[in-house]
Amino acid sequence: MKKVKGLSVILAAVMLSSCIFPQTGSVKAAEITGEESAEAPDAGNAAYAEAEQSEEITDDEEKSDDAAVHQKASATTDMTYISIGETCQETFSAESTEKYYWFDLEKSGRLTLSANATGLSRLQYYIDDIGGDRLWSKRSSSTGSEKKIKTNETIDLTAGTYYLSVISSGGDGEFSFSLSFEDAGESFEEENGGTDNDRGYANPVEFGQTYWGQLARNDNADYYEFTLSASSRLYLSARAQIKSLYLYLYDAGGKELWKKYASTDSAAKTLEADAEIDLTGGVYYLAVKSASATGPTGSYSFCLSCTDAKESFPETRGNLNNTLSSANAISSDTIYKGQIAANDARDFYKFTVNESSQVTLDATAAIPWVYYHIYDSKGKEVWKQGVSWNKTIGYSSLTKKHTLSKGTYYFAVAQYSNYTGNYAFKMHIHNYKTTTQKATTKKNGSIRKKCSCGHVVSLKTIYRPKKMTLSKTVYVYNGKKKKPSVKVTDSKGKVISRSNYKVYYSSGRKRVGKYKVTVKFKGKYKGRMSKTFRIKARKK
């Protein structure tokens, strides 16, 4: 234990009663005694901040009880250096009611103050950082006629230099104490109130690794940076030896995307907090924060992992296809995958209907509730439907048919409430082809518009050619070539247009005899039909 004497001011003092020392100047080491030399840290000119209200000593109590005591500190006050693990013994009396110490912590961790006193009515403890900020205070009172005080307190602190003040409020007696320390095992060591307390100083972390940290009296927030290469579901698993804490997620711009308050009851030894958060690709920040400015404090650990959403159109920071103008073009009968995320509430897709027809949507989503929309080319909503989780199959499912006119349309998948998750859909847009089955002399034909899915939008029957007639079947020989006209009618008695067949006549057709006329069909018909006519001899 090393003592510093003749200090111009032990610590920066305050005029308020909640502070320990009078404001008379900076701390300087005038003389150092002991087997080993040690220099008292300079607290600077900063005044001690008023003590935060705590479980131990409140602001009002400190003002009323200790104002006079704090103002007694003078330039002749001694400050003693104490090592971790060292036992310090002191005597309090009416002339000596205040003891001041300083100590160093090489790492962040849990400091334990163990103290015993006899003959004293009450002791008050204060720990302040090197800048003069009050971090912790505790009042311990004696019990019984023997005036014994036993203290055993833990305080979580970062690495750094600290001041311990012990004030006696009555009686003459003996006092002894020691400081012990348990390393928090931080993955990223901090000192002097923390080094990763905002996004600008966040520590980079990787997936699949466990990281350890500590929330302390002078470090109530830790930030960590990670990157998602694609839209994914983030898995966060956190454990803590803390009664309660907050977990936050921020995007690269500092926007809060998610928050979780986690606590444990007094029976549980470890706080457990697990979460799944859907996010687009990008840079993010995880923050672990105390539930309040004064705690609770303690050590924690966490691990991050992720599963790629395998989006058909990968998104980053939720800004790829969130509007009509940025909609992704899709094709019929193709399965598309996407994700509604904490920072991506809506996805748009663009498709074209070539002629008025029915459009079929098949969609599934691992989301408790989701909305589907169709908008026309001007952004007017023409259809909307919400779908909820089916507990039996473990996801939502929808098949919907909707008739649309020719034109350009937009399909949207939209968030409901704060529900997020993956989805998949397929849009069948009928694409009709006109096919003709030609009629034969024995079987009717047809003209129909048919989609690849088998859906037929229209059907027209081509009735088979049934009857062929000649304008004249008997001629009297006169030495001239004969050529009767032809008429073909279908099975309904309707004349078939001449454009659907070609007529062939037998050669000659001047002499007495039989001649053949053949019709060969084309266009919507196929096959042949024939008739004969004859030229007979002229009577003598």
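The values are calculated or read from the model by the stated rules, or taken from the named source; none is laboratory data. All of these numbers come straight from a predicted model, not from anything done at the bench. When we count neighbours, we look across all protein chains shown, and the Cβ atoms used for this are built from the backbone with ideal geometry, even at glycine.
Within segment 500-524, restricting attention to residues that are surrounded by 16 or more Cβ atoms within 10 Å (Cβ to Cβ) and aromatic (Phe, Trp, Tyr), the residue that is nearest to Ala439 (Cα to Cα) is Phe521.
Selection of first residues in segment 236-250 that are closer than 19 Å to Gly208 by Cβ and of second residues that are acidic (Asp, Glu), restricted to Cβ pairs under 8 Å at least 6 apart or on distinct chains, gives the following pairs, ordered by first then second residue: Leu236/Asp274; Leu236/Glu276; Ser237/Asp274; Ala238/Glu272; Ala238/Asp274; Arg239/Glu272; Leu249/Glu256.
Could you tell me whether any residue of segment 333-341 is surrounded by 18 or more Cβ atoms within 10 Å (Cβ to Cβ), in a strand (DSSP E or B), touching a helix residue (DSSP H, G or I) at 6+ places or on another chain (Cβ under 8 Å) and aromatic (Phe, Trp, Tyr)? Checked against the condition, which is being surrounded by 18 or more Cβ atoms within 10 Å (Cβ to Cβ), in a strand (DSSP E or B), touching a helix residue (DSSP H, G or I) at 6+ places or on another chain (Cβ under 8 Å) and aromatic (Phe, Trp, Tyr), segment 333-341 yields no hits at all. Filtering segment 431-462 to residues that are closer than 16 Å to Gly523 by Cβ and among the β-branched types (Val, Ile, Thr) leaves Thr434, Thr435, Thr436, Thr440, Thr441, Ile447, Thr461, Ile462.
Counting only strands (runs of 3 or more DSSP E) wholly contained in segment 430-540, the ones carrying 1 or more residues that are of a type in the set (A, V, I, L, M, F, W, C) and closer than 30 Å to Lys400 by Cα occupy 445-451, 456-462. Hey, does segment 371-379 have a residue that's in contact with a helix residue (DSSP H, G or I) (Cβ under 6 Å, 6 or more places away or on another chain) and at positive phi? Yes: one or more hits. For first residues located in segment 80-97 and surrounded by 15 or more Cβ atoms within 10 Å (Cβ to Cβ), partners that are among the charged types (D, E, K, R) and part of a loop (DSSP other than H, G, I, E, B) and lie 6+ apart or on another chain with Cβ distances below 7 Å form the pairs Phe92/Asp172. Filtered by the rule that a residue be closer than 25 Å to Tyr419 by Cα and assigned to a strand (DSSP E or B), segment 361-380 gives Leu361, Asp362, Ala363, Thr364, Ala365, Trp369, Val370, Tyr371, Tyr372, His373, Ile374, Tyr375. In segment 101-123, the residue that is surrounded by the most Cβ atoms within 10 Å (Cβ to Cβ) out of those that are of a type outside the set (A, V, I, L, M) and more than 19 Å from Ser180 (Cα to Cα) is Gly119. Restricting the search to strands (runs of 3 or more DSSP E) fully inside segment 130-181 and requiring at least 1 residues that are over 53 Å from the mean Cα position of the chain (by Cα) gives 148-157, 160-168.
Taken over segment 90-118, residues that are in a loop (DSSP other than H, G, I, E, B), farther than 20 Å from Arg217 by Cα and of a type in the set (S, T, N, Q) amount to 3.
For (1) among the small types (Gly, Ala, Ser); (2) at pLDDT 95 or above; (3) touching an Asp or Glu at 6+ places or on another chain (Cβ under 7 Å); (4) not assigned by TED's automatic domain parsing to the domain that holds Asp344, each residue gets a yes or a no:
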site	(1), (2), (3), (4)
Asn192	no, no, no, yes
Gln209	no, yes, no, yes
Glu225	no, yes, no, yes
Ala230	yes, no, yes, yes
Gln241	no, no, no, yes
Lys259	no, yes, no, yes
Thr270	no, no, no, yes
Glu276	no, yes, no, yes
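Among the conditions (1) of a type in the set (Ser, Thr, Tyr); (2) assigned to a loop (DSSP other than H, G, I, E, B); (3) modelled with pLDDT of 95 or more, Ser417 misses just one, which is (3).
Considering Ser405, Ser397, the condition of being under 29 Å from the mean Cα position of the chain (by Cα) and in the same structural domain as Tyr372 (by TED's automatic domain parsing) is satisfied by Ser397 alone.
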